[in-house]
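Below is one structure, written out as structure tokens, with a few remarks after it.
The values are calculated or read from the model by the stated rules, or taken from the named source; none is laboratory data. Please read all numbers here as calculations on a predicted model, not as lab measurements. Note: ideal-geometry Cβ built from the backbone for every residue, glycine included; neighbour counts use all protein chains shown. For accessibility, only protein heavy atoms count, side chains too; no ligands or nucleic acids. Shrake-Rupley method; radii C 1.70, N 1.55, O 1.52, S 1.80 Å.
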Amino acid sequence: MTDATLAQRLTDVQDGIADAAAEAGRAAGEITTVVVTKFQPVELLRELVELGVRDLGENRHQEAREKASELTGLGIRWHFVGQLQGKKAKQVREYASVIHSVDRPALVHALASNESSVDCFVQVNLTGDQERGGASPSQLPGLVDDVLATPGLRLLGLMAVAPLDEEPRRAFAHVRALSERIRSQAPDAVAMSMGMSGDYRAAILEGATHLRIGTAITGNRPQPRLISN
Ligand SMILES: *Cc1c(COP(=O)(O)O)cnc(C)c1O
């Protein structure tokens, strides 16, 4: 049994995505929606899978690893969207299909592998607040070169979170401009991971290829301390 409300919210967001894509003259099918399930119980993730969702996003390694092991065999693609410590990097590679938060050379080096390849985004920080994660625009060219030179990483493009104090569409236009700029170095890195519950329409209008949507689909997040293991 799936929760009718969850199904309804999923449908509403899918309709919103289709509308925005139509407005942008884009095919909705070229946009990947990652449902961000951080802090949500595994049961809700199972319901999402029953509703046809295959791309799930998590932002903490421990929680992601536990969920991935509990939900193994369901064809889920795990997207790691949170800040990542170098010492956890190798472990995240074991379950993640895509890492959205590559933001510094030390992490790039920690993610290197000669055995397998993982898709990744370089995260750009549009706020100037280093605590928020992401490389500054001026650090991007160097970081992109680092990723390109590192075995086991396939660069999809750029990821960003719109700053709270900026109009989202402007922020996403900035990401688009940065994305166009890095293509001289990385012609295949054309993807853009941007757009969350409150601003995914603006992101689609600026060319987002990967949306990371949590609460608009899942409903409110429980407090992390209320989640057992
Ligand atoms: C939590 C989170 C999201 C989803 O946020 P909502 O506002 O719930 O849609 C997207 N991206 C990142 C990096 C997140 O941590």
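One table, with the values for the structure above:
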{"item": "Of all residues making up region 90-107, the number that are assigned to a helix (DSSP H, G or I) and not hydroxyl-bearing (Ser, Thr, Tyr)", "result": "8"}
{"item": "Qualifying positions in region 63-79 - outside any helix (DSSP H, G or I) and open to solvent by 10 Å² or more (accessible area, probe 1.4 Å)", "result": "THR72, GLY73, LEU74, GLY75, ILE76, ARG77, TRP78"}
{"item": "Region 68-80 residues that are more than 13 Å from LEU45 (Cα to Cα), paired with ones that are at pLDDT 95 or above and not in a strand (DSSP E or B) (beta carbon under 9 Å, 6 or more apart)", "result": "PHE80/ASN59; PHE80/HIS61; PHE80/ALA64; PHE80/VAL92; PHE80/TYR95"}
{"item": "Candidates THR127, THR215, filtered to the one that is in contact with a Lys or Arg (Cβ under 8 Å, 6 or more places away or on another chain) and either modelled with pLDDT under 95 or within 13 Å of the ligand (Cβ to nearest atom) (or both)", "result": "THR215"}
{"item": "Selection count where residues are touching an Asp or Glu at 6+ places or on another chain (Cβ under 9 Å) and away from the ligand (no atom under 16 Å from the Cβ), scope region 105-124", "result": "3"}
{"item": "Conditions (1) open to solvent by 30 Å² or more (accessible area, probe 1.4 Å); (2) in a helix (DSSP H, G or I); number of the one not met by VAL144", "result": "(1)"}
{"item": "Count of region 148-204 residues which are assigned to a helix (DSSP H, G or I) and either among the charged types (D, E, K, R) or more than 16 Å from the ligand (Cβ to nearest atom) (or both)", "result": "13"}
{"item": "Test: residue in region 188-208 that is of a type in the set (D, E, K, R), open to solvent by 60 Å² or more (accessible area, probe 1.4 Å) and more than 30 Å from ALA7 (Cβ to Cβ)", "result": "yes"}
{"item": "ALA135 vs. criteria farther than 30 Å from GLU47 by Cα and open to solvent by less than 60 Å² (accessible area, probe 1.4 Å)", "result": "yes"}
{"item": "Counted residues, region 20-46 - those being assigned to a helix (DSSP H, G or I) and touching a residue at least 60 places away in the same chain (Cβ under 8 Å)", "result": "6"}
{"item": "Given (1) part of a loop (DSSP other than H, G, I, E, B); (2) hydrophobic (A, V, I, L, M, F, W, C); (3) surrounded by fewer than 18 Cβ atoms within 10 Å (Cβ to Cβ), number of the condition VAL49 does not satisfy", "result": "(1)"}
{"item": "All positions within region 86-95 that are over 14 Å from VAL118 (Cβ atoms) and either exposed (fewer than 12 other Cβ atoms within 10 Å of the Cβ) or among the acidic types (Asp, Glu) (or both)", "result": "LYS87"}
